[in-house]
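A quick write-up on the structure given underneath.
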Amino acid sequence: MKHELMELPFGYDALEPHMSRETLTYHHDKHHQTYVTKLNGLIVGTKFESLSLVDIVKESDGGIFNNAAQIYNHDFFWNSITPNDTKMSTQLEKKIEDTFDSIDKFKEEFLTKATTHFGSGWVWLVLDKSQNLKIVSTTNAGVPLTKGLTPLLTCDVWEHAYYIDFRNVRPDYLSNWWSIINWDFVSQNLTNS
Ligand code: FE
């Protein structure tokens with residue numbers, strides 16, 4: 001099957017000033033698009049041609065994995081942010097407080113992990129197999145799925161996510177990103193898990 005670039009769930013200007021039209025244009029229309037184009041080319045004539053994106057991520061390695069996983073990760077990332085004012089569900093808020101002591105401590109731990117992740121990758125809030133919340137990072141195209149973890153929220157810490165708006169200052173990108181998190185999406189992921 002041919003994979004398609006997901007449409008952004010908001011307008012290109014909608015996240016300003018936290019994330020600019022220029023960043024979204026490059027990040028979505030160029031970087032994300034390139035992963036889709038490359039994957040469609042790489043799977044021609046392979047057993048992966050008939051598989052869903054998630055099955056490709058689970059069963060492939062090398063270039064096919066890298067491109068498929070980056071599509072999966074970016075789809076998840078766009079769904080993790082919104083221009084709308086959203087709130088954590090009571091269920092999510094309670095689980096975060098039980099795990100990290102407070103919302104503030106959770107935020108601090110998440111942003112510290114994202115700030116200190118070396119090189120390109122992703123930072124995630126996940127549920128482990130025992131339904132415990134964890135903050136984990138993955139390197140390059142790494143995905144929680146292949147480690148038996150269920151993703152609830154992700155932040156892209158590749159430089160292409162922030163270099164236009166914040167140059168090399170990843171912490172400024174992260175504090176802006178925090179204010180556009182789609183807590184409805186995160187809460188729904190917990191409910192569905
Ligand atoms: Fe990215």
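Where a number appears in this text, it was derived from the coordinates with a stated rule and is not lab data. Nothing here was measured: the structure is a model prediction, and the numbers come from that model. So basically every Cβ, Gly included, is an ideal-geometry build from the backbone, and we count neighbours across all protein chains shown.
DSSP loop (so not H, G, I, E, B), at most 14 other Cβ within 10 Å: list which trypsin sites (Lys or Arg not before Pro) in the range 1-55 pass both filters.
Loop-located and lightly packed - K2.
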- Student exercise, the range 21-80 dipole from Lys, Arg, Asp, Glu Cβ charges, in Debye to nearest 20: 100
- Query: Tally Lys/Arg at +1 and Asp/Glu at -1 over every other residue whose Cβ is under 12 Å from the Cβ of E16; what's the total?
  - Reply: -2
- Task: Can you figure out the FRET efficiency of E49 with V169, using R₀ = 30 Å and their beta-carbon distance, to the nearest 0.05?
- Result: 0.10
- Under 12 Å, Cβ to Cβ, from L53 - net charge with Lys/Arg +1 and Asp/Glu -1: -2
- Query: How much net charge surrounds V143 when only the other residues with a Cβ under 15 Å from the Cβ of V143 are counted, with Lys and Arg +1 and Asp and Glu -1?
  - Reply: -3
- Query: Size of the dipole of the chain about the Cα centre, Lys and Arg at +1 and Asp and Glu at -1 on the beta carbon, nothing else charged, in debye to 20?
  - Reply: 460
- Prolate/oblate/rounded label for the range 99-193 (Cα gyration tensor, a/c 1.5): prolate
- Item | Cα gyration tensor, the chain - rounded (a/c under 1.5), prolate or oblate | oblate
- FRET efficiency, 1/(1 + (r/R0)^6) with R0 41 Å, evaluated for K94 and N40 via beta carbons: 0.45
